[in-house]
Amino acid sequence: MHKHIRTSLAALSLVGAAGLSSLAHAAGFTLSSPTIKPGSTLTKAQVFNGFGCSGDNISPELKWSGAPAGTKSFAVTVYDPDAPTGSGWWHWVVINLPADSTGLAEGAGTAVGKLPAGAMQGRTDFGSAGFGGACPPQGDKPHRYIFTVYALKVDKLDVPADATAALVGFMINANKLGSATFTAKYGR
């Protein structure tokens with residue numbers, strides 16, 4: 001084997017080992033919900049009340065643990081990639097959750113919901129801040145609702161209060177140390 005090929009293979013092995021170490025650390029970051037099991041169907045509690053849907057529009061309880069070292073804040077999103085918009089649908093955006101946060105209480109996404117001090121709910125695709133439950137078109141296949149918590153390397157995302165979910169998502173991804181996710185479904 002040529003010397004430069006051996007050197008390249010050794011370098012690739014080191015890069016691969018570093019990547020696996022990073023993945024192993026990220027694998028410890030988990031998101032769960034006592035209200036929603038991964039892969040399950042959302043209940044009436046998490047369904048929007050409007051747009052032809054008649055649910056309770058209550059955000060579920062979320063819990064996370066094992067955030068990467070250096071986490072300074074968290075963000076939470078709920079996204080439906082199956083919405084027939086060409087760009088999906090943002091159902092919930094919460095940012096600036098303090099580094100010592102370990103979850104959100106059921107109902108935290110309402111106008112009177114309790115968020116930790118400094119946290120902020122961003123504008124969803126329903127046009128306002130707060131949790132907007134599932135409401136896929138009648139007769140469409142069940143949609144996927146992706147719940148994600150992001151560990152961030154900054155104390156606070158500097159975005160306007162009326163920022164779009166796309167802008168907030170850009171800022172989240174620019175400052176992400178790791179993420180944990182689960183998916184549930186809903187159709188009607």
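Quick look at the numbers
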read-out	value
Greater than 24 Å apart at Cα, pairs in Lys37/Lys63; Lys63/Lys185; Lys37/Lys72; Lys44/Lys141; Lys114/Lys141	Lys37/Lys72; Lys114/Lys141
Range of Cα positions in the stretch 128-170 per principal axis (Å), largest first	42, 22, 16
Ser87-Lys72 pseudo-label distance in nm [points 7 Å out on the Cα-to-Cβ vector]	2.8
Neighbourhood charge, 11 Å Cβ-Cβ cut-off, centred on Pro136 and excluding it, Lys, Arg +1 and Asp, Glu -1	+1
Nearest 10 degrees, 0 to 90: helix 3-27 Cα axis against the chain principal axis	30
Added length on full extension, which subtracts the Cα-Cα distance from 0.36 nm per residue, Thr181 to Ala161	4.7 nm
Acute angle (nearest 10 degrees) that the helix 165-174 long axis makes with the longest principal axis of the chain, alpha-carbon atoms	20
Computed [θ] at 222 nm, helices only, for the chain once each DSSP H run of length n ≥ 4 contributes -39500 (n - 2.57)	-6500 deg cm²/dmol
Under the Karplus curve 6.51 cos²θ - 1.76 cosθ + 1.60, θ = phi - 60°, whole-Hz ³J(HN,Hα) for the stretch 35-45, x wherever Gly or Pro sits	8, 10, 8, x, x, 7, 9, 5, 9, 3, 4
Amide proton proximity set for Gly178, modelled H, under 5 Å, gap of 5+	Ala151
Within-13-Å neighbourhood charge of Thr85 [Cβ basis; K, R +1; D, E -1]	-4
Among beta bridges that DSSP assigns inside the chain, antiparallel share in %, nearest 5	95
Amide proton proximity set for Arg123, modelled H, under 5 Å, gap of 5+	Ala163
Dimensions in Å of the chain - Rg and Dmax from alpha carbons	18.9, 68
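A short reminder: the numbers here are calculations on the coordinates, not readings from a lab. Nothing here was measured: the structure is a model prediction, and the numbers come from that model. Every residue, glycine as well, gets a Cβ built from its backbone with ideal geometry; the counts of neighbours run over all protein chains shown.
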